[in-house]
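Structure, as structure tokens:
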Amino acid sequence: MAAGLALVLGTGGAAGARTATPENEPSWQKAVERILSGKRLDGASSSVVVADARSGKPLYRHQSDRRLVPASNTKLLTSAAAMDVLGPGYRYRTDVLAHGDRDGGRLDGDLYVRGTGDPTLLAKDYDAMAAEVAGSGIEEVTGSLVADDTRFDSERLGRSWAADDESAYYSSQISALSLAPDTDYDTGSVYIEAVPGAAAGEDPKVKVTPDNDYVDVEVDATTVAGNGENTLSVDREHGGNKITVSGGIPVGAEPYESWTSVWEPTGYAASVFAEALKRHGVRVAGETELGKATPDGAQRVARHSSMPLKELTVPFMKLSNNNHAEVLTKTMGHESAGEGTWSAGLKTVSGFLDKEGVDTATLRQVDGSGLSRMDNVSAGHLATLLHSVRKKPWFKQWYDALPIACAPGRLTGGTLRSRMCDTPAERNAHAKTGSLTGASALSGYVTDADGRELTFSIILNNYMADSVKGVEDEIVVALASDGKEGEPAEKRGGDRDTGRTPAPTFGAECSWTKPVRC
């Protein structure tokens, strides 16, 4: 390990101590200390590192080796490992294969749709594959449609994921064969829109995207007077796909939107594909079967290839997509060890981090996304990684996929697009956000007033304030402005108005609170 990296992972002194290198003490050090001493962090735990990006030399450390819950900063570990292990050009391929004898337009056998984990498949992609099947001459299948999701194991949910998040799209089940409702690529979920009726007492009009028979939507809601309260809610039952729309929505209200995870995404994908086959004139006599491997000798009749990983990393990181992180983790396990499991994938991530000088013996990672509260990482670990990956041939693509402070657009600014506006950090800071209740993090890169690029990692836990995003922002702004803090975010009136409702104060990643609020 290089000397500079070893210093970044130093102890940081006694508990609560804040240290900087004695020579050329940075002008922003006192500003950072004041910010970390603020009331919003009373009784909280924090780990902070600022380092020279080029050399890795630490410039400031506060509890740099204290392990905390990193939330979605875990995605920095997973995404960097994926770019290195799989490569920026890696693509997922979904194949449709015929197994049996062909007699004209009849297949005497089964039709298989085999997934490899593509988290970007849309209904239109399944429709295109169905058209290819029809174009190959198959009109009738005497056997079954079989959904082959065996590239990954059958463990659908990560360790210690919250039970009350089960129906939330950001906690969707992981499968090698799935489906997303839109180009946010929240695979394994459906989009539900409820529009109020024209008069009080009428049922709302409810639409499900993609249109499918796999979920059963029960409308137990009503339209209320225009001055009434909006109490509409969407809930999916545990262990099934009955989704209930209940409550009231006022006359003239904006449509209520919900992204809701499905139970067993393989069946969801197979159902949508089966309907596409019917539309294209391909009749399947047998029932749909799930979870069977495609036999040797099956002939490919259709294929869909995903965008390359270097492009997939943009919605993954900009929007903090949990499912993408878990799919990539299991993919790394399959490609490295022939096992599409969390265990094999995380072992691969750990091997990558070891090579980059990150002390994996002193961290714990149990999922790819950071949704688990069992994940424990320090700012020192992340600072080491942020420095090390700068030498990688794929670094620019990865760096560009990070959210950018106050840059407009969900796929440019991402989860930082309404933060640090009208400051020297605007369009300057590139960093990954992270939030769970009582856990917040921000780690990435910023250039200071002298043109020196810095790496920084800020992890904050166990605070009682509604939000500590302002703390993170003030630190990064101080780094970018050579210690001139300016007014705290709350005194400046918060973040710039982006035309969207401000992020809620509870502790979820703002990109997960759809309709999008950040």
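The values are calculated or read from the model by the stated rules, or taken from the named source; none is laboratory data. For clarity, every value in this text was computed on a predicted model and none was experimentally measured. Here the Cβ positions follow ideal geometry from the backbone for every residue, glycine too, while neighbour counts run over all protein chains shown.
What to note about this one:
- Selection status of R106, over 17 Å from H280 (Cα atoms) and among the basic types (K, R): no
- Check on Y191, modelled with pLDDT of 95 or more and not in a strand (DSSP E or B): no
- Checked against (1) in the same structural domain as R106 (by TED's automatic domain parsing); (2) touching a residue at least 40 places away in the same chain (Cβ under 8 Å); (3) at negative phi; (4) part of a loop (DSSP other than H, G, I, E, B), S271 meets all criteria but (4).
- Yes/no for A134 being assigned to a loop (DSSP other than H, G, I, E, B) and either among the aliphatic types (A, V, I, L, M) or under 15 Å from the mean Cα position of the chain (by Cα) (or both): no
- Options R410, R419; residue that is part of a loop (DSSP other than H, G, I, E, B), charged (D, E, K, R), touching a helix residue (DSSP H, G or I) at 6+ places or on another chain (Cβ under 7 Å) and within 26 Å of D482 (Cα to Cα): R419
- Checking each residue in the range 367-384 for being part of a loop (DSSP other than H, G, I, E, B) and buried (at least 19 other Cβ atoms within 10 Å of the Cβ) picks out D367, G368, S369, G370, L371, S372, D375, S378.
- Any hit, the range 247-264, residues being out of contact with any Ser or Thr (no Cβ under 7 Å at 6 or more places or on another chain) and in a helix (DSSP H, G or I): no
- Number of the condition not met by P393 [criteria: (1) touching a residue at least 40 places away in the same chain (Cβ under 8 Å); (2) more than 20 Å from the chain's Cα centre (by Cα)]: (1)
- Flag if A405 is in contact with a Ser or Thr (Cβ under 6 Å, 6 or more places away or on another chain), touching a residue at least 24 places away in the same chain (Cβ under 8 Å) and not assigned by TED's automatic domain parsing to the domain that holds V282: no
- Qualifying residues in the range 90-108 (those that are small (G, A, S) and surrounded by 18 or more Cβ atoms within 10 Å (Cβ to Cβ)) - the one nearest to K292 (Cα to Cα): A98
- Strands (runs of 3 or more DSSP E) wholly inside the range 428-483 that include at least 1 residues being charged (D, E, K, R) and assigned by TED's automatic domain parsing to the domain that holds S418: 430-436, 453-461
- Flag for Y399 being closer than 23 Å to P26 by Cα, in contact (Cβ under 8 Å) with a residue 40 or more places away in the chain, not in a loop (DSSP other than H, G, I, E, B) and not acidic (D, E): no
- Scanning the range 247-267 for residues that are buried (at least 18 other Cβ atoms within 10 Å of the Cβ) and either free of Cβ contacts under 8 Å to residues at least 12 places away in the same chain or aliphatic (A, V, I, L, M) (or both) yields I249, A253, V262.
- Which numbered condition S320 misses (of (1) surrounded by 19 or more Cβ atoms within 10 Å (Cβ to Cβ); (2) touching a residue at least 40 places away in the same chain (Cβ under 8 Å); (3) in contact with a Gly (Cβ under 8 Å, 6 or more places away or on another chain); (4) more than 26 Å from H387 (Cβ to Cβ)): (4)
- Where a residue in the range 222-241 is at pLDDT below 95 and its partner, wherever it lies, is of a type in the set (F, W, Y), with Cβ under 7 Å and at least six apart: G239/W263
- Any chance A270 is buried (at least 17 other Cβ atoms within 10 Å of the Cβ), touching an Asp or Glu at 6+ places or on another chain (Cβ under 9 Å) and among the aliphatic types (A, V, I, L, M): yes
- The one condition in (1) at pLDDT 95 or above; (2) in contact with a Leu (Cβ under 9 Å, 6 or more places away or on another chain); (3) part of a helix (DSSP H, G or I) that S511 fails to fulfil: (1)
- Members of the range 230-246 found to be surrounded by 16 or more Cβ atoms within 10 Å (Cβ to Cβ) and assigned to a strand (DSSP E or B), listed by number: V234, R236, I243, T244, V245
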